[in-house]
Amino acid sequence: MAQHHNDNPHELDHDPLPLKVYVGVLGSLGFLTFVTVWIAQFDFGVWTVPVAMLIATIKAALVILYFMNLKQDGGFNAVAFFTGFFFLVVFTIPTLWDRETRDVVDPDRAVEVHHTRPGFPPQVTGEKPADAPEAKEGEPVAAD
Amino acid sequence: MSTAPDIATQAPSFPKEHYLNASKGFKSWALTVDHKRIGLMYLVSVLTFFLVGGLFALLVRLELLAPGGMFEQKTYNQLFTLHGVVMVFLFIIPSIPAALGNFFLPLQLGAKDVAFPKMNLFSFYIYAVGAIVAIVAMVTGAVDTGWTFYTPYSLTTNTGVVLTVFAAFILGFSSILTGVNFIVTIHKLRPPGMTWFRLPLFAWSLYATSVIQLLSTPVLAITLLLLIAERLFGVGVFDPALGGDPVLFQHFFWFYSHPAVYIMIVPAFGIISELIATFSRREVFGYKFVALSSVAIAIIGFFVWGHHMFVSGQSEFAGMVFSFLTFFVAIPTAVKIFNWTATLYKGDIQLRTPMIYAIMFLIQFTIGGLTGLPLGALGTNVALHDTYYVVAHFHYVMMGGTVFAFIGGLHYWWPKITGRMYSEKSANIGAFLLFIGFNVTFFTQFLLGFKGMPRRYFDYDPEFSGLHAFSSVGSWILGVGFLVTLYCFIQSLRKGEVASSNPWGGTTLEWTTQSPPIAHNFIDTPTVSTGPYDHSEVPAATGRAA
Amino acid sequence: MSQQVAVPEKVVRHKVGHHWPHVEVELSGAKLGFWIFLCTELLMFGGLFVAYTYFRSLYPETFTAAHQTLSIPLGTLNTGVLILSSFTVVMAIRSAMLNQRKAMLGYLYATLFLAAAFMVIKLGFEWPPKFEKGTLPAAFYTYEGLAHVEKPHIFFGLYFVMTGLHGIHVVIGMGLISWLIWLGHKGVLYRGFYTPIEIVGLYWHFVDLIWIYLFPLFYLAG
């Protein structure tokens, strides 16, 4: 078990980080928000979203390391959080990649199927197939 | 463990003070923060829902006893859906962790409670609320989509999808909070001397299970929320009519539900380790490998969910990758089976009831695991998907595996929980009936699946009738077996012999305190200086109170 | 210790639960537990981001066109509000550590106020125009201005689900901050014990983090 420098087992005895650290982070976050909005007027084509995400990640890192104190606490808390992030990536990649590769083995799979359930939804523009049956009663989805 | 158990020279008397009589009255249970009382409340709840789910199963098998529909098609769909929903969400996922884990994790760690006792009680109330919502959903329009809620049918069916799915959402929170509690407990509340590799294997399995619960349940939560939003507002993510993708729903759903099956089995593995260690009087062979294999299963289990989706419309390329990865998850599981078998070899085998359950587990789980392989292989899956082969496979691992381990664990820890022994004779009759009933019911279903009988069908061609009838009779033997086991436990409570603190000669810390334990578990925090399965100082137990 | 202030008299001195060996273990245990819980929140919201990415790659022109109906000034304002509220929570912890009870309560009230401002801006100014225009999920979608792209209701469906779930988390956060204010008035929080503020703080920063990603994805990325 860890050695506790504090002799009183019931009360904590910590000092905060210097004030300028917190003010500095706040200022940086404000600045980066400004950058995010400013940079949105430019079109980087395929890089638009990655650039926005990069700036967001820098902001997130500042919040996590200093406001959430992970830089000081470190240890298993960081392992726990980044494990979560790792498994999010594990979920994302095959799911997106599945859609990308649907036509690898069978090219017909990439064809989009136009289909609208007759009578629903009321205002979405979608072609009703010419031979679609009349809407049956008791079938609207928003009936829960 | 270094402390000697109490060896009575005469039958001990029932302890005067223990956790059951430490405080009295409804409020002392409703507002308890004692992990043992919370564990007991969970135990009663999950066993009740096991009964409910079992009744649905009996009705399903009754429908399939002979060709020709006894029930209407929609009613049958509702029956098997409810069987699945109740068994998965209300019984098996909470079962071992919330009932036995809550009770015994702190005891095995020599701790006075879990890390967050109030949150533990809160978890139980979340479970209770989820259960009530589920019951309301069942009686006001039971769902007929199958427990998997596939779109687009779950978007259009005129049954209580929103309420049922919301119940599962609520139950997920209970699962998550229990997982948080266990992980912090194991990190922070181990006693002096108990390093990670001196943890009992049941604790290791609860740790791995908690990791899986924490990483997978939130994805189920968002899947269910999106399903509700889609039904109520028409978001457009899962409904092809709105531009959505039903296969996306399956990705979301199975990312949780495949790791979920490891939530179901890994705690059972932990129990089996305990049973085999105690009743062969040996340390589990390759302790470190068994411990780390739980973690390996937890991790690898997240990479394989697409093997439920081979014929769904998923890209064949993704299917190939998922199939390849699926074979890897068998490896750490096999490590466990081999190591347990090696433990038994030249062990000092005590063939008590818990050990009988452990051996039944080894046989049944191995069959279940091996039959997963043709399902994991892409080519053979195409023929077997959605047939009774799948039904048989998962019942062999979940029921022949988890449920049998759960009951075995219940027999093992019964003296500690209640302070009483049960009649070995009734217990063994129950075990025997369960074994016969289970295998008659479900082995038959492998054959049915092979012959091409599809699952979730309320009727069938006459060529399947012999096997179906045989399977249904098996379900009745199972029912009798459960009743006999229940009777055995009830008789134990009424007039069972008083148990000593260590009737089996176990070596983990829970056996060093009285049966039933005092409210604070231990008078002083124990110190540990050996591994958890050091049998050198523990004398041979008789299984009796003396 | 140059910032040290003596323990005020009205403070309720803290005693750890009987199962904790030391208050440091109680604090680190609570933090560990909450970081683990944040994993679950990350995965829950992460699933929504996966859905967003999936449909953005399927209908890129729709997302480009539809996001222009959102108000960048209001979104930016809300981003600033949340970032500032993260700062005030951190300052509340700092004040507790320094036994500055009035400042601690002040910062907690400020956080609560900023959280409320976020919800007012969202529900009072951002959402009503959408209800009027009809830029809503499919069951209620009536907007004609995006007829030139396909399936615009998917963008708005995702917008409402994601910002709606985030908004629910903000409201829950307001409840938690109110609880802290109540504890503060009871005199339970001081240099010797401020674990609840740390934990609620972690939750609140996470709410801020999600918005840091939601903002560019919905309001800006075109």
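If I take R0 = 30 Å and measure r between the Cβ atoms of C:ILE168 and C:GLU132 in this structure, what FRET efficiency does the formula 1/(1 + (r/R0)^6) give, to the nearest 0.05?
On the way: r = 23 Å, r/R0 = 0.77.
For R0 = 30 Å, the calculated efficiency reads 0.85.
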Calculate the spin-label point distance for B:LEU232 paired with B:TYR345, positioning each point 7 Å from the Cα along the beta-carbon direction, and give it in nanometres. 5.9
Note on chain B: helices (DSSP H) long enough, at least 27 Å by alpha carbon along their axis, and hydrophobic enough, mean Kyte-Doolittle at least -0.5, are B:35-63, B:117-139, B:161-188, B:201-233, B:246-279, B:316-344, B:353-376, B:424-451, B:465-495
Suppose the chain between A:VAL23 and A:VAL105 were pulled fully straight at 0.36 nm per residue; how much longer would it get relative to their current alpha carbon spacing? 23.9 nm
Restricting to lysines 8 or more places apart or on different chains, can you count the pairs in segment C:24-219 with Cα atoms under 29 Å from each other? 8
The simple spin-label model distance between B:THR380 and C:TRP182, using points 7 Å out along Cα→Cβ, in nm, is 5.9
How tilted is helix C:23-58 with respect to the longest principal axis of chain C? Cα atoms for both, answer in degrees (0 to 90, nearest 10). 0
Of B:86-93, C:139-146, ordering from highest average Cβ density within 10 Å down gives B:86-93, C:139-146
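Quick one: grab the alpha carbon gyration tensor of segment A:19-100, order the square roots of its eigenvalues as a ≥ b ≥ c, and give me rounded if a/c is under 1.5, else prolate or oblate depending on whether a/b is larger than b/c.
Working: a/c = 5.18, a/b = 1.12, b/c = 4.62.
Cα axes put segment A:19-100 in the oblate bin.
Count, for each residue of C:154-161, the Cβ atoms from other chains sitting within 10 Å of its Cβ, then give me the mean as a whole number.
On the way: counts 8, 1, 3, 11, 5, 1, 3, 9.
For peptide C:154-161, the averaged partner shielding equals 5.
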Pull out a ≥ b ≥ c, the square roots of the eigenvalues of the alpha-carbon gyration tensor of the protein assembly as shown, then state rounded if a/c is under 1.5, prolate if not and a/b is larger than b/c, and oblate in the remaining case. oblate
Where a Cα-Cα gap under 19 Å defines reach, which lysines qualify for A:LYS59, not counting those fewer than 8 residues away within the same chain? A:LYS20, A:LYS71
Cα to Cα, under 17 Å, and not fewer than 8 places away if on the same chain: which lysines meet these conditions relative to B:LYS288? B:LYS336
If the cut-off is 29 Å between C-alpha atoms, which lysines fall inside it for B:LYS24, apart from same-chain ones fewer than 8 positions away? B:LYS16, B:LYS36, B:LYS112, B:LYS118, B:LYS416, B:LYS495, C:LYS15
Among segment B:209-250, those whose backbone N falls under 11 Å of a label point 7 Å along Cα→Cβ from C:THR142 are none
Test item: B:206-215 mean partner chain Cβ contacts at 10 Å: 3
C-alpha long axis of helix C:195-215 to longest principal axis of chain C, angle in °: 20
Per-residue average of Cβ from other chains inside 10 Å of B:220-228: 4
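Where a ≥ b ≥ c are the square roots of the eigenvalues of the C-alpha gyration tensor, would you call segment C:24-219 rounded, which needs a/c under 1.5, or, failing that, prolate if a/b is larger than b/c, or oblate? Intermediate results must be reported in sequence, preceding the final value.
Details: a/c = 3.23, a/b = 2.11, b/c = 1.53.
The shape class here is prolate.
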Helix-derived [θ] at 222 nm for chain B: sum -39500 (n - 2.57) over DSSP H runs of at least 4, divide by residue count, nearest 500? -21000 deg cm²/dmol
Among C:GLU26, B:GLU537, what's the order by accessible area (1.4 angstrom probe), most exposed first? B:GLU537, C:GLU26
Which whole-number value in Å² is the accessible area per residue of chain C, probe 1.4 Å? 34
What spacing in nm lies between the two simple spin-label points modelled at B:TRP29 and B:LEU62, each 7 Å away from Cα in the Cβ direction? 3.0
Could you compute the net charge surrounding B:ILE349? Neighbours are other residues with a C-beta less than 10 Å from the C-beta of B:ILE349; K and R count +1, D and E count -1. +3
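The values are calculated or read from the model by the stated rules, or taken from the named source; none is laboratory data. This one's a predicted model, so the numbers in the text were calculated from it and none came from an experiment. Glycine gets a Cβ as well: all are built from the backbone with ideal geometry, and neighbour counts include every protein chain shown. Areas reflect the complete protein model, heavy atoms only, side chains present, ligands, DNA and RNA absent. Shrake-Rupley method; radii C 1.70, N 1.55, O 1.52, S 1.80 Å.
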